[in-house]
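Novice: Right, I'll just put the structure down here and ask away after.
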Amino acid sequence: HAADAHRTDLMTITRFVLNEQSKHPESRGDFTILLSHIVLGCKFVCSAVNKAGLAKLIGLAGETNVQGEEQKKLDVLSNEVFIKALVSSGRTCILVSEEDEEATFVEPSKRGKYCVVFDPLDGSSNIDCGVSIGTIFGIYMIKDGGEPELEDVLQPGKNMIAAGYCMYGSSCTLVLSAGRGVNGFTLDPSLGEFILTHPDIKIPKKGKIYSVNEGNAKNWDGPTAKYVEKCKFPKDGSAPKSLRYIGSMVADVHRTLLYGGIFLYPADKKSPNGKLRVLYEVFPMSFLMEQAGGQAFTGKQRALDLVPKKIHERSPIFLGSYDDVEEIKALYAAEE
Ligand code: AHG
Ligand code: MN
Ligand code: MN
Ligand code: MN
C-alpha cells in the first residue's frame, strides 16, 4: 500500500543528502559529514530551547556581544554548541558567528575545505516569551587550496554552496538548499531524526502578506514608505495585504516561504544599512528564496551579488514572492 510504503520508507535528512551526493561521484561525503554535525547542533539547541524555561536557561548571560546586544544564556550556549560541533566535524576551516567578534580559524589538524557562517540563535528577543526562534547557516567552499584567510568568508552570497535554517517552534523544522531546490525536514523526537516533510518547496509567485516592523515607519526612506502604503491602501481596488511580523527572522521567513508574501527589514535614518547581518542572515535567506523561485533585493541590488567587506556587515533586505519583490524594486528604480 502506498501509504504504508510512505510510512516505512523514512526519508531522513542524512539519506536525502546521500542521495543528492550520489549525483556527485567526485564528492567524498565531506558535505554529508559537515551537514550531519550541523544537524547534531540543531538537535541539541532544539532540546535546550524546549527545556529553557525549566532549565533556568531563560534570561541574560550578563555579557554583550559585538552587535552591542545583551547576550542571552541560550545565545551563548547555542554558539558554543555549534562552534564545537563544526570544529569536531573536521570539515571546516573558518567559522563566523553572530556571537563572536572575530572569525574562528580552525586548527590545522582539524581543518576541512568548508567555511560556515551562522547565527546560532536568531530571534533572541523572543526566547523568554516562548515565541519561535531559530538557527541560520550558510556554507562556502574555501576559495583556493591555500592557507584559510578572511577573504574566504567575504565572498558574495551567490558563491554559497548551501544554506539553511532550523526553526524551534511548535515543531523543529530544518529547511535546506544545496543549490538544487529547497527541502524541509521535521524532527521526529521519538526517532531523533529529521524526516522529509516539505519536498521541493516553491514560494507562491505573489502573496497577500507583508512583514515589517511598522514601529520604524518614521525613519523609512521614500520607496519603502510608498510600498508599505500600497500594501495598506492599494490604488487598484485590490484587497489590502495582511501584516504578519513575529520579530524572529527565521519564523517570518519560514511563513513567507510557505505562504508567500514579502519580508522587509529596510534601511532607516537610524541604521542606514538596516539591522540584518549580511553573512549569516541576509545571504542564507536570500539563497533559499531564490532556490524556491522567489527573490531578494537590498534596495540597490540583488542581495546575493553583494560583496561583504566585514564579517558583521549589515544590509537592508526585501525578500519573498517574485512579483512582490518586483514591485519594491520598481519603486527604488524610480527613485534613482
Ligand atoms: P538575533 O536575535 O539573531 O540578533 O536576530 C534578531 C533579528 C531578526 O531575527 C529579526 O528579524 C529582527 O532582529 C527583528 O528586529 P526588530 O526587533 O528591530 O524588528
Ligand atoms: Mn543577536
Ligand atoms: Mn539573527
Ligand atoms: Mn542571533
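The values are calculated or read from the model by the stated rules, or taken from the named source; none is laboratory data. Since this is a predicted model, take the numbers as computed values, not measurements. Neighbour counts run over all protein chains shown; Cβ positions are idealised from the backbone, glycine included.
Novice: Would you be able to say whether some residue in the range 169-191 is farther than 19 Å from Asp252 by Cβ and within 16 Å of ligand 1 (Cβ to nearest atom)?
Specialist: Taking every residue of the range 169-191 in turn, none turns out to be farther than 19 Å from Asp252 by Cβ and within 16 Å of ligand 1 (Cβ to nearest atom).
Novice: Can you tell me which residues in the range 249-266 are buried (at least 23 other Cβ atoms within 10 Å of the Cβ) and in a loop (DSSP other than H, G, I, E, B)?
Specialist: Those that are buried (at least 23 other Cβ atoms within 10 Å of the Cβ) and in a loop (DSSP other than H, G, I, E, B): Gly261, Pro266.
Novice: Only one residue in Gly41, Gly68 is free of Cβ contacts under 8 Å to residues at least 60 places away in the same chain and not hydrophobic (A, V, I, L, M, F, W, C), so which one is that? Reasoning before the result, please.
Specialist: Details: Gly41 fails: free of Cβ contacts under 8 Å to residues at least 60 places away in the same chain.
Within the list Gly41, Gly68, the selection yields Gly68.
Novice: Which condition breaks for Asp100 when tested against (1) surrounded by fewer than 23 Cβ atoms within 10 Å (Cβ to Cβ); (2) within 16 Å of ligand 1 (Cβ to nearest atom); (3) closer than 15 Å to Cys46 by Cβ?
Specialist: Here Asp100 clears every test but (3).
Novice: All but one of (1) closer than 28 Å to Asp100 by Cβ; (2) under 13 Å from the mean Cα position of the chain (by Cα) hold for Asn213, so report the exception by its number.
Specialist: (2)
Novice: Now for a different question. If a residue must be of a type in the set (Gly, Ala, Ser), surrounded by 13 or more Cβ atoms within 10 Å (Cβ to Cβ) and assigned to a loop (DSSP other than H, G, I, E, B), how many such residues does the range 236-248 contain?
Specialist: Qualifying residue count, the range 236-248: 2.
Novice: Collect the residues in the range 129-148 that are of a type in the set (D, E, K, R) and surrounded by 15 or more Cβ atoms within 10 Å (Cβ to Cβ), keeping them in residue-number order. Give the derivation first.
Specialist: Of the residues in the range 129-148, the ones of a type in the set (D, E, K, R) are 143-144, 147.
Matches in the range 129-148: Lys143 only.
Condition check ((1) assigned to a helix (DSSP H, G or I); (2) among the hydrophobic types (A, V, I, L, M, F, W, C)) across all residues:
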{"site": "Tyr280", "(1), (2)": "yes, no"}
{"site": "Phe283", "(1), (2)": "yes, yes"}
{"site": "Ala296", "(1), (2)": "no, yes"}
{"site": "Leu304", "(1), (2)": "yes, yes"}
{"site": "Lys309", "(1), (2)": "no, no"}
{"site": "Asp324", "(1), (2)": "yes, no"}
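Novice: When the range 126-140 is examined, which residues are found to be within 22 Å of Val175 (Cα to Cα) and either within 16 Å of ligand 3 (Cβ to nearest atom) or at pLDDT below 95 (or both)?
Specialist: Asn126, Ile127, Gly130, Val131, Ser132, Ile133, Gly134, Thr135, Ile136, Phe137, Gly138
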